[in-house]
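Structure first, then comments.
The values are calculated or read from the model by the stated rules, or taken from the named source; none is laboratory data. The structure displayed is predicted, hence computed values, not measured ones. Positions of Cβ are backbone-derived with ideal geometry, glycine not excepted, and every protein chain shown enters the neighbour counts.
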Amino acid sequence: MNLKLMTPLFYRVKSGQTLASVARTFHVPVCLLARENNLNEEIFAGQVLKIPQLCGNEYRVSGGESRTLLCGSPETFLARNGTSALYPTQRVFL
C-alpha cells in the first residue's frame with residue numbers, strides 16, 4: 001500500500017493563528033504564503049487562505065550560499081520561495 005501526504009488547497013484560519021504559524025503548519029515559506037494570498041497585513045480568524053502546492057525539498061541555508069547555487073537561478077529561487085532574500089538559517093525550497 002502506498003500512502004501519499006496530501007496538502008489541502010485551502011485553509012480556514014483559526015483564532016490565535018498568525019501567518020507564520022500557518023506557514024509552519026504547511027511547511028511553506030511565509031513570503032510565499034503571503035504572496036499567494038495577496039496579503040499585506042496580518043491574517044484573521046475565519047479568513048480562507050490558499051495553500052501553495054510546492055514541489056521540492058526544504059533546506060536550511062548555510063553561510064556563503066547563493067540563490068543560483070540553491071535553485072539554479074535567482075528567478076527560480078524567487079518563484080519557489082516568494083522572496084529574493086537569502087540569509088543563514090533561512091528555510092527555503094530547492
Worksheet, complete the sentence: Scanning region 36-94 for residues that are among the small types (G, A, S), under 28 Å from G16 (Cα atoms) and touching a helix residue (DSSP H, G or I) at 6+ places or on another chain (Cβ under 7 Å) gives G82
Worksheet item: With respect to the numbered conditions (1) assigned by TED's automatic domain parsing to the domain that holds T89; (2) modelled with pLDDT of 90 or more, which one is the sole condition not fulfilled by V48?
Response: (1)
Worksheet item: Can F77 be described as free of Cβ contacts under 8 Å to residues at least 40 places away in the same chain, among the aromatic types (F, W, Y) and in the same structural domain as S15 (by TED's automatic domain parsing)?
Response: no
Worksheet item: So which residues in region 25-61 are loosely packed, with under 10 Cβ neighbours inside 10 Å and within 22 Å of P88 (Cβ to Cβ)?
Response: N57, R60
Practice prompt. Write out, first by first residue and then by second, each pair whose Cβ atoms fall under 9 Å of each other, whose residues are 6+ apart or on separate chains, and whose first residue, in region 12-23, is within 10 Å of Q47 (Cα to Cα) while the second is surrounded by 12 or more Cβ atoms within 10 Å (Cβ to Cβ) and among the polar types (S, T, N, Q).
Written response: R12/Q47; V13/Q47
Worksheet entry | Hits in region 70-83 (condition: over 11 Å from G56 (Cα atoms) and either modelled with pLDDT of 90 or more or not in a loop (DSSP other than H, G, I, E, B) (or both)) | L70, G72, S73, P74, E75, T76, F77, L78, A79
Worksheet item: What residue, among those in region 73-94 that are exposed (fewer than 12 other Cβ atoms within 10 Å of the Cβ) and among the small types (G, A, S), is nearest to the chain's Cα centre (by Cα)?
Response: S84
